[in-house]
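Every number here is computed from the coordinates shown, using simple stated rules; none is lab data. Note that the structure is a prediction, hence the values are computed from the model and not measured. All Cβ positions, glycine included, derive from the backbone under ideal geometry; neighbour counts span all protein chains shown.
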Amino acid sequence: MDYFNYKNNELYCEDVPVSAIAAEAGTPLFIYSKHTITEHFNQIKSAFGEIPLLICYSIKANGNLSILKVLKELGSGFDAVSIGEIKRALAIGADPRKIVFAGVGKSNEEIAFALDAGILMFNVESEAEVENINRIALQKGTVARIALRINPDVDPRTHKYITTGTRENKFGIDIQRAEDLIARLPEMPGLELKGLHCHIGSQITTVEPYESAAHKLIELYAKCQQSYPLEFLNLGGGFGIFYKEYEARPVSDFAAKIVPLIKASHCKLILEPGRYIVGNAGVFITQTQYTKRSGAHTFVICDGGMNDLIRPSLYQAYHRIWPVKSEIALGHAIAPEKRIKADVVGPICESGDFLGKERELPAVERGDLLAVFSAGAYGFSMSSNYNCRPRSVEILVDGDKWKLIRKRETCESIFANEIDLLK
Ligand SMILES: *Cc1c(COP(=O)(O)O)cnc(C)c1O
């Protein structure tokens, strides 16, 4: 579900023609739909409405401050994986008591900062980290609230780079070690165990992996409850979205299985969705610079590339691509004389720089705009300055209004941290 639709042969975001935004803001650019974000957030909230729930939006999916602000106003908390992300949440006035902090490599500085900020809890990923947080909390004369991130060893059958909950991954603590660690917690007075956490992966389109992770966590939760007044069970994020076919499951399918389990164990549920909220709420708009043929291949060369949207290059991810203006409806059959089969590529000096391969598209010409769909999550947030390319503009649309939520970088701002050191 999203609010990107073709009307009068051109793409609109909500009630604004995408071409009008591009004409003013330039390309490449990301455009987000506020209504889509709101709707996805509310879908999760109502699917799990029967149980106490804290949604902690995962900042790394898309950390733009204006987007975080929209989510804060909807009542969201935040899932951060670095001091920078905690600072992002605080910058928009997020309640620290709704911030959870995960990550396998939290530094002393990050731990100290999060303690001072008074976050809800640390999702702790190893024995060594537990000891370190205890040490820092004692030094500060405070107590750190923690949840143990359990690696439940379930395979969510998604891309290997976004699988996080099997024994082969670096994330979390396996259940046996967690039990041993929990037995040792009384020796660590700087810690208060508040719950258990897991996050098994991303772009998960089947319910079973959640169910089996939830079962394992709840069993451990019940055991821990005998010694600690636990409060939270955090099942992480990972709900999949629609990139190509209608492969994603509605969040209510996940809720149908999870809610009864949580009810029975009387805990508060935390979820950390990222992609589900913002993924389909964004498009990446790029302008065709040139088309060319090479051997049997046709290339559509765009002004946006892997530095802007790395998912196709990094995960072999599929994003629908279609001209912003087209008489042929998105994804529909194209008459042979109007059709091209092309690799849609960027300007970066890498053969791995592509947005889509072997795509059947309505013929495009120099200057035409292309929309790359479902680019709201892990799009801008994974972008870089590779090839000294200023990062993209971001726009938020709300009904018939749109506003700039990130200015385009300049080359000067990219090398600002180097220029004084030239002497
Ligand atoms: C990335 C991440 C998430 C969000 O994952 P999505 O697939 O975007 O929902 C949630 N929790 C943790 C710990 C993460 O690292």
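In this calculation the C-beta distance from residue 9 to residue 264 is compared with R0 = 60 Å, giving a FRET efficiency of 0.70.
Amide H contacts of residue 393: 30, each under 5 Å away and 5 or more positions distant or on a separate chain (H built 1.01 Å from N in the peptide plane; Pro and chain starts excluded). The stretch between residue 358 and residue 157 holds 69.8 nm of extra length on full extension. This uses 0.36 nm per residue minus the Cα-Cα distance. Going by neighbour counts of Cβ atoms within 10 Å, the residues 27, 291, 286 line up, fewest first, as 291, 27, 286. Taking 0.36 nm per residue of separation and subtracting the Cα-Cα distance, full extension of the segment from residue 206 to residue 318 would add 38.5 nm. Among the GluC sites (Glu not before Pro) in segment 347-400, those placed in a DSSP loop whose Cβ has at most 15 other Cβ atoms within 10 Å are 350, 365. Once you have the Kirkwood Rh of segment 319-381 from its Cα pairs, apply Stokes-Einstein at 10 °C and 1.306 mPa s and quote D in µm²/s. Approximately 124 µm²/s, per Stokes-Einstein. Report the trypsin sites (Lys or Arg not before Pro) located in segment 89-194 that are in a DSSP loop and have at most 16 other Cβ atoms inside 10 Å of their Cβ, or state none. Answer in residue order: 140, 157, 167, 170.
Rounded to the nearest 20 debye, the dipole magnitude of segment 119-188 is 280 debye, with +1 charges on Lys and Arg beta carbons, -1 on Asp and Glu beta carbons, and the Cα centre as origin.
The C-alpha atoms of the chain define a longest principal axis, and helix 108-117 lies at about 80 degrees to it. For the pair residue 87 and residue 339, label points projected 7 Å from Cα toward Cβ lie 5.2 nm apart. Distance distribution note for the chain: the fraction of Cα pairs above 30 angstrom is 45%.
The smallest convex shape that holds all Cα atoms of segment 184-237, its convex hull, gives 85 Å³ per residue.
When only Cα pairs below 8 angstrom with a gap of at least 6 residues are kept, the chain shows a relative contact order of 20 percent. Of the trypsin sites (Lys or Arg not before Pro) in segment 308-387, the ones in a loop by DSSP (not H, G, I, E or B) with at most 14 other beta carbons within 10 Å are 366. With a cut-off of 17 Å on the backbone N, the residues of segment 256-289 near the modelled label site 7 Å out from residue 45 along Cα-Cβ are 269-274, 276-278.
The Stokes-Einstein estimate for segment 279-423, based on a Kirkwood radius over Cα pairs and taken at 25 °C with 0.890 mPa s viscosity, is a diffusion coefficient of 150 µm²/s. Taking Cα atoms, how many degrees apart are the long axis of helix 127-139 and the longest axis of the chain, rounded to 10 and kept between 0 and 90? It is inclined by approximately 70 degrees.
Under a model in which nothing but the beta-carbon of Lys, Arg (+1) and Asp, Glu (-1) is charged, the chain shows a dipole of about 200 debye around its Cα centre. Expressed as a whole percent, how much of the Cα-Cα distance distribution for segment 113-201 exceeds 15 Å? Summing the P(r) of segment 113-201 above 15 Å gives 57 percent of all pairs. Projecting the Cα positions of 209, 121, 154 onto the charge dipole of segment 34-275 (unit charges on Cβ atoms of Lys, Arg, Asp and Glu, taken about the Cα centre) puts 121 furthest along the positive direction.
Summing Cβ point charges (Lys, Arg +1; Asp, Glu -1) relative to the Cα centre of segment 34-275 gives a dipole of roughly 520 debye. So what's the angle, to the nearest 10 degrees on a 0 to 90 scale, between helix 251-265 and the longest Cα principal axis of the chain? Helix 251-265 sits at roughly 0 degrees to that axis. P(r) tail for segment 34-275: Cα pairs beyond 34 Å make up 10% of the total.
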